1. Restricting attention to the stretch 1-31, which residues are closer than 30 Å to D68 by Cα, among the aliphatic types (A, V, I, L, M) and not in a helix (DSSP H, G or I)?
2. Being touching a residue at least 12 places away in the same chain (Cβ under 8 Å), surrounded by fewer than 11 Cβ atoms within 10 Å (Cβ to Cβ) and within 35 Å of the chain's Cα centre (by Cα) narrows it down to one residue among Y2, Y98; which is it?
3. Among S63, S82, which is the only one that is surrounded by 10 or more Cβ atoms within 10 Å (Cβ to Cβ), at pLDDT 90 or above and closer than 30 Å to P6 by Cβ?
4. Considering the stretch 64-84 alone, what residues qualify as being more than 39 Å from the chain's Cα centre (by Cα) and part of a loop (DSSP other than H, G, I, E, B)?
5. Give me the residue from the stretch 85-100 that is of a type outside the set (A, V, I, L, M) and not in a loop (DSSP other than H, G, I, E, B) and, out of that set, modelled with the highest pLDDT.
6. All but one of (1) closer than 30 Å to G4 by Cα; (2) modelled with pLDDT under 95 hold for Q57, so report the exception by its number.
Amino acid sequence: MYHGVPVVGVPLFGDHYDTMTRVAAKGMGVMLHWKAMTEDELHAALTAVITDPRFQQQARALSVIHKDQPGTPLSRAVYWISYVLRHRGAAHLRSAVYEVAPYQYFLLDVMATAGAALVLAFCALRWLVRRLRGRGQSDRDDGGRPNGHCHGEGVANGKLRRNGASRSEKKSN
């Protein structure tokens, strides 16, 4: 942008996509996608950027805007250094992130709140499922027997025949 040259860009990673999207939106270049790029598309993009005067005009106009700065870079540096010295460090220009507690900076408070909400939702869902399935402790009708099975009184598990008679009973003819 600084030198006013139109661009044919192929973004690969990081901020390349954002930069080329802005370049194409401002009309100073063309963006191609490397996964779907063909030889014909590359040739057409290069030809368009070289032959279409709108790309060159837009690149020059953006360059003029970009270069329009007060003074020289050295005079701006001197100004800002003296500004910081005059205002004893210019604390009013510091980012508010320096005033944030570490647990807020690392978003630990947000993670704790989200975690508590997830645990609460899980417990509520588990309670609801148990109520709907009829497996809550108060809903169980097992007669006070452990695991709902008969142990101790009456006939123990596995001691009944299919017809309901006890194995210890003798047949009477």
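1. M1, V5, V7, V8, V10, M28, V30, M31
2. Among Y2, Y98, only Y2 is touching a residue at least 12 places away in the same chain (Cβ under 8 Å), surrounded by fewer than 11 Cβ atoms within 10 Å (Cβ to Cβ) and within 35 Å of the chain's Cα centre (by Cα).
3. Details: S82 fails: closer than 30 Å to P6 by Cβ.
Answer to the selection: S63.
4. P70, G71, T72
5. Across the stretch 85-100, the extreme among qualifying residues is R86.
6. The single condition Q57 does not satisfy is (2).
The values are calculated or read from the model by the stated rules, or taken from the named source; none is laboratory data. This is a predicted model, so every value here is computed, not measured. Here the Cβ is made from the backbone with ideal geometry for all residues, glycine too, and neighbour counts use every protein chain on show.
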